[in-house]
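Asks: Supplied in structure tokens, the structure appears directly below.
Only the coordinates and a few stated rules stand behind these numbers; no lab work does. This is a predicted model, so every value here is computed, not measured. Backbone-built Cβ (ideal geometry, glycine too); neighbour counts: all protein chains shown.
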Ligand code: HEM
Ligand code: HEM
């Protein structure tokens with residue numbers, strides 16, 4: 001199998017794993033912001049971060065391979081290019097927002113949960129994180145279903161986007177509630 005095809009397959013599987021970890025971490029913590037349930041744990045958060053870093057590195061590698069191939073072929077596909085750059089631009093925004101996110105929530109292992117200050121600046125970065133993940137998955141849901149070889153890729157991609165939109169909205173609400181709670185303490 002060609003290296004590029006292999007990387008795409010590995011990245012597709014990693015993306016599914018990351019989506020699962022992200023939903024557990026994001027939804028679990030959103031409920032924490034609303035004082036519901038148990039915290040999902042930092043082990044999960046660190047596993048998510050590790051998979052995300054590997055995914056981003058493979059993404060950069062695939063970008064270089066694709067741009068080289070495009071230059072050799074000398075062909076441009078405007079529609080695919082729009083999607084291509086939407087995935088890259090949102091990926092960059094996610095990376096920046098995650099760096100801020102980890103800085104906001106980092107605490108020593110022995111410290112109590114969620115003592116991090118959360119004001120308007122922290123809220124803005126967190127909404128950027130949620131919004132950039134929404135754009136990223138919206139732009140890459142169809143290619144993901146093609147990479148995974150599922151039946152009816154367009155319909156499955158629409159399902160994924162719909163479910164994720166609801167859960168991302170819940171996470172955004174969680175961040176807003178947490179910010180409001182900080183402003184009244
Ligand atoms: C650290 C920031 C991130 C960067 C730099 C990044 C970058 C990329 C790139 C370049 C691709 C396209 C790979 C290709 O050419 O096939 C991609 C695909 C994808 N990304 Fe990300 N990503 C990031 C974070 C995330 C996060 C947090 C999620 C989900 C929660 C995610 C979900 C996906 C999915 C589902 C795909 C489609 C995979 C496929 O087509 O097989 N990414 N990402
Ligand atoms: C791909 C996206 C995300 C990544 C990679 C990520 C990663 C992390 C990491 C590594 C930590 C641990 C920081 C430490 O070492 O103490 C953390 C903590 C936290 N994250 Fe995320 N996160 C993401 C998205 C989210 C979302 C969407 C929410 C909210 C809905 C969220 C809520 C939290 C909270 C509340 C903590 C503190 C938990 C604690 O201290 O036990 N995260 N995150």
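Asks: Kindly establish whether residue 123 is closer than 14 Å to residue 22 by Cβ and out of contact with any strand residue (DSSP E or B) (no Cβ under 7 Å at 6 or more places or on another chain).
Replies: So residue 123 fails the test.
Asks: Could you tell me whether the range 151-168 includes any residue that is within 26 Å of residue 2 (Cβ to Cβ) and within 16 Å of ligand 2 (Cβ to nearest atom)?
Replies: no
Asks: Given (1) loosely packed, with under 14 Cβ neighbours inside 10 Å; (2) within 15 Å of ligand 2 (Cβ to nearest atom); (3) closer than 28 Å to residue 143 by Cα, where does residue 23 come up short, assuming only one miss?
Replies: Unmet for residue 23, out of (1) loosely packed, with under 14 Cβ neighbours inside 10 Å; (2) within 15 Å of ligand 2 (Cβ to nearest atom); (3) closer than 28 Å to residue 143 by Cα: (1).
Asks: Looking at the range 26-50, I want the residues that are on the phi > 0 side of the Ramachandran plot and have a partner that is within 14 Å of ligand 1 (Cβ to nearest atom) with Cβ atoms under 9 Å, at least 6 apart or on another chain. Which pairs are those?
Replies: Between residues of the range 26-50 that are on the phi > 0 side of the Ramachandran plot and residues that are within 14 Å of ligand 1 (Cβ to nearest atom), the close pairs are 41/25.
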